[in-house]
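Shown next, in structure tokens, is the structure this report addresses.
The values are calculated or read from the model by the stated rules, or taken from the named source; none is laboratory data. Note that the structure is predicted; figures quoted are calculated from it, not measured. Note that each Cβ is placed from the backbone with ideal geometry, even for glycine, and that neighbours are counted across all protein chains shown.
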Amino acid sequence: MMNATAEILKNKIENFSPDALEAFAKMMESFEEKTTSAISKFHRDEILYRIQFHNENPSTKLDFHENISELKKYCA
């Protein structure tokens, strides 16, 4: 059923006029979810710098060593 519905929509979209297609594309973009991080860009950049520095200098210690895997998940 889902494939049939997708095919019907695809056929209808292919027959849109250029103006209608552009309007449809803008409408679809407005539906896209934009994920925002609770961590500011400055702090993400700082954390990424520290992780990169630690990877290049493994004998150093990180002040957030216990949480590095979680930080990598959110910042990488």
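Filter the range 5-46 down to the residues that are among the small types (Gly, Ala, Ser), exposed (fewer than 10 other Cβ atoms within 10 Å of the Cβ) and within 28 Å of the chain's Cα centre (by Cα) and list them by number.
SER30, ALA38, SER40
Taking the range 26-76 on its own, how many of its residues are in a loop (DSSP other than H, G, I, E, B), touching a helix residue (DSSP H, G or I) at 6+ places or on another chain (Cβ under 9 Å) and modelled with pLDDT of 80 or more?
0
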